[in-house]
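Structure first, then comments.
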Amino acid sequence: MKRAVYAGSFDPFTYGHRDILRRATALFDEVIVAVLHNPEKRCCLPVTRRMAIIEDSIKGMENVRVSSFSGLLVDYLRKEDIHFCIRGVRNGIDMDSEMQTAHINHQLGSDMGYAVETIALFTSPETSYISGSMVRQIASFGGDVTSYASPEAQKALYEYYHISEGR
């Protein structure tokens, strides 16, 4: 069985994330969406809420499960006995960053005697401009984010920013 991890902070899980996940499910028998808990990173939504948003967003995707982790991705991959991680790439800036991360994860895995391969999927043109930070910023001003994130994610963001609803 070929399995992969799609890891990230997913603050919030956007339609861009869902597109990458949908395409990854065609390549692997199982994909685990692993929500990163990083105390050093200030997220709007707690891990449990991010996981609930993802669960709501993936209804109908049979070969997906949601989990969380903290620490190094390679440690999580080793614990789950998975050798592949999925990364979404929107542009050249993402590509540079993801390539660096892929090399580091590969080296860290090699140092542990564990093979780690990164599979980069380029975003669809329809979602290539969507980023979590952009969605958070629009929501913080009460803007309409219905084109970028699920109703559950929208609700969570508007609650976080104390906004009754988007325009």
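Values quoted throughout were computed directly from the atomic coordinates according to the rules given, and no laboratory measurement underlies them. Since this is a predicted model, take the numbers as computed values, not measurements. So basically every Cβ, Gly included, is an ideal-geometry build from the backbone, and we count neighbours across all protein chains shown.
Residue check: is G92 touching a residue at least 40 places away in the same chain (Cβ under 8 Å) and small (G, A, S)?
Numbers: touching a residue at least 40 places away in the same chain (Cβ under 8 Å): no; small (G, A, S): yes.
No, not satisfied.
Residues in the range 84-104 that are touching an Asp or Glu at 6+ places or on another chain (Cβ under 9 Å) and farther than 17 Å from L21 by Cα: how many?
First, pick out the residues of the range 84-104 that are touching an Asp or Glu at 6+ places or on another chain (Cβ under 9 Å): 84-85, 87-89, 102.
With farther than 17 Å from L21 by Cα added as a condition, the list becomes 102.
Looking only at that region, the number is 1.
Results for (1) hydrophobic (A, V, I, L, M, F, W, C); (2) touching an Asp or Glu at 6+ places or on another chain (Cβ under 9 Å), shown as yes or no for each residue.
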site	(1), (2)
F28	yes, no
I32	yes, yes
K41	no, yes
L45	yes, yes
T48	no, no
I53	yes, yes
E62	no, no
V66	yes, yes
L73	yes, no
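Of all residues in the range 19-53, how many are out of contact with any strand residue (DSSP E or B) (no Cβ under 6 Å at 6 or more places or on another chain) and assigned to a loop (DSSP other than H, G, I, E, B)?
Going through the range 19-53 one residue at a time, the tally reaches 12.
Do we have F10 as closer than 26 Å to S140 by Cβ and surrounded by 16 or more Cβ atoms within 10 Å (Cβ to Cβ) here?
The answer is yes for F10.
Does R42 count as under 28 Å from P151 (Cβ atoms) and surrounded by fewer than 18 Cβ atoms within 10 Å (Cβ to Cβ)?
Values: under 28 Å from P151 (Cβ atoms): yes; surrounded by fewer than 18 Cβ atoms within 10 Å (Cβ to Cβ): yes.
Taking the combined requirement at face value, the residue satisfies it.
Kindly indicate the residue of the range 144-155 that is surrounded by fewer than 14 Cβ atoms within 10 Å (Cβ to Cβ) and over 24 Å from N91 (Cα atoms) and also farthest from the chain's Cα centre (by Cα) among those meeting that condition.
D144
Look at G16 and say whether it is touching a residue at least 60 places away in the same chain (Cβ under 8 Å), part of a strand (DSSP E or B) and either crowded, with 19+ Cβ neighbours inside 10 Å or not aliphatic (A, V, I, L, M) (or both). Write out each step before concluding.
Values: touching a residue at least 60 places away in the same chain (Cβ under 8 Å): yes; part of a strand (DSSP E or B): no; either crowded, with 19+ Cβ neighbours inside 10 Å or not aliphatic (A, V, I, L, M) (or both): yes.
When the stated conditions are applied, G16 does not pass them.
Pull out all pairs, ordered by first then second residue, where Cβ-Cβ is under 6 Å, the residues are six or more apart or on different chains, the first lies in the range 110-132 and is touching a residue at least 60 places away in the same chain (Cβ under 8 Å), and the second is in a helix (DSSP H, G or I) and small (G, A, S).
Every condition considered, the pairs that remain are T123/G16; T127/G16; I130/G16.
For the range 143-167, give me each residue that is farther than 25 Å from A26 by Cα and not in a helix (DSSP H, G or I).
Within the range 143-167, G143, D144, V145, T146, Y161, H162, I163, S164, E165, G166, R167 qualify.
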